[in-house]
1. Just to confirm, what accessible area per residue do you get for the chain at 1.4 Å probe, in whole Å²?
2. Accessible area of Tyr61, 1.4 Å probe, to the nearest 10 Å²?
3. Please give the charge dipole size of the chain, origin at the Cα centre, charges +1 on K and R Cβ atoms and -1 on D and E Cβ atoms. Round to the nearest 20 debye.
4. What does DSSP give for the chain in terms of the percent of beta bridges that are antiparallel, rounded to the nearest 5?
5. When the expected Rg is taken as 2.2 N^0.38 Å, what fraction or multiple of it is the alpha-carbon Rg of the range 31-157?
6. Can you give the Kirkwood hydrodynamic radius for the chain, in Å, rounded to one decimal and based on Cα pairs?
7. How high is the FRET efficiency from Ser43 to Arg3, r the C-beta distance, R0 45 Å, rounded to 0.05?
8. Sum up the lysine pairs in the range 270-416 that clear both bars: alpha-carbon distance under 27 Å and a spacing of 8 or more or different chains.
Amino acid sequence: MSRRYFGTDGIRGLVGEPPITPDFMVRLGYAAGEVLVRRAQLSPGLRPAVLIGKDTRVSGYMLEASLEAGFAAAGVDVMLSGPMPTPAVAYLTRALRLQAGVVISASHNPYPDNGIKFFSGDGNKLADAVEAEIEAQLEQPMRCRASAQLGKARRIDDAAGRYIEFCKSTFPNKRDLRGLKIVVDCANGAAYHIAPHVFHELGADVVAIGVNPDGFNINDLVGATSPESLQLAVKQHKADLGIALDGDGDRLVMVDERGLIYDGDQLLYVIARMRAANGVVPGVVGTLMSNLALQRALEDEGIAFARARVGDRYVLELLHEKGWQLGGENSGHIICLEKHTTGDALVSALQVLTAVQESGTKLAELCRKLTLYPQKLVNVRISKGFDWEANAAVGKAKDAAERELGRAGRVLLRPSGTEPVLRVMVEGEDGAKVNALAAMLAEQVRLAAA
């Protein structure tokens, strides 16, 4: 069954345009509430309860109030945490024994966008079947429970403190961060009042940037998608390391003392090698976009590697299928399943710091055996009905590019899940050849789609 609203990571769009409007959010809260009421295994007279967290976008106030009204109309109690990272909502939903968690966030997107993500009561992404049931309920008329059955709402005042303690608990008890100077960039997002405390309370000398949200500056030239600010701050403050999160706190990028950037592939490699040294990593899940050099470097270490579709929910699905614990994306989503049920930038950063401390070396040395291949990505706009897979000219160009690269690279054509573009990706050992082949292939797609 095709989805009308839910994408690979919830519902997302431009605020003020359907479905990111207050009237739709009331209906969404009601529909999700109706599904929860039907599915809840509670004693008679007890209402299901959900947690709603959000990032720092100005539109979060409006969408939070609308969702709250919808849930209450369906007879569901609501707990409000205020600004809270996505992984924090997943953790708190599970810790508080609630029936669901809701995050109002558009992650790394600019402030005019917003979105909704759902977690089940066990802290996992909502199952496809439940999302389908919510979509079906959205097509039904909205009603309202009798006054005696309406849901209530209250704020959780200690949500930030609970999550800070959880993050700290994932770091080895025998270790601390004393002697390390760390710049922490919170992207003016949901972790602005949390991330600096985590590292400070573990003993680090913390310099915090991107911690002054005003509703409009989330991800604006700061955070994991703009690491240049972190590079400058690390050099300015002569720090040992820099840590950048995105707007909802589930994406991680790091910078070393020289200002060099380490992406999700490199950080995943560092964590995997540490676990391999301790004999606890049978395999790692990446995505179709994970660098080929990462796959080969892991296999050289005797670590199996598998690729999932792009999106952390697909990484999670493959991890569960294989019974593995570690996976991630080059964008910086890293999942450590024995620590948390979802990707968490703070937990992942603490895993990298554990590897640094256990090895007694620096990030550059830990990544010495991994040299990422040049990778060129071109987005080509296509018409809605264009069947690129069946197009002979595109297929011929792709085959020619793959022959020229041989084992020294690969080609990936992938349609976007959110916009009418075909993503053309070429990577390989020779950067000039990669750029030339990507340009050739992209032009062939444009001609064929015209």
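1. Details: 18750 Å² over 450 residues.
About 42 Å² of surface per residue is accessible.
2. Per-residue accessible area (Tyr61): approximately 150 Å².
3. Working: 51 positive and 54 negative charges, 95 e Å.
Roughly 460 debye for the chain.
4. Numbers: 35 of 65 bridges.
Antiparallel bridges make up about 55 percent of those DSSP assigns within the chain.
5. Details: Rg = 13.8 Å, N = 127, 2.2 N^0.38 = 13.9 Å.
In units of the 2.2 N^0.38 Å rule of thumb, it is 1.00.
6. Values: mean 1/r = 0.0436 Å⁻¹.
Computed over Cα pairs of the chain, the Kirkwood hydrodynamic radius comes out at 22.9 Å.
7. Working: r = 34 Å, r/R0 = 0.75.
Given R0 = 45 Å and the Cβ-Cβ separation, E is 0.85.
8. 9
The values are calculated or read from the model by the stated rules, or taken from the named source; none is laboratory data. Please read these numbers as outputs of a predicted model, since none were measured by experiment. Note that each Cβ is placed from the backbone with ideal geometry, even for glycine, and that neighbours are counted across all protein chains shown. We work out accessible area using only protein heavy atoms, side chains counted, and drop any ligands, DNA or RNA first. Shrake-Rupley method; radii C 1.70, N 1.55, O 1.52, S 1.80 Å.
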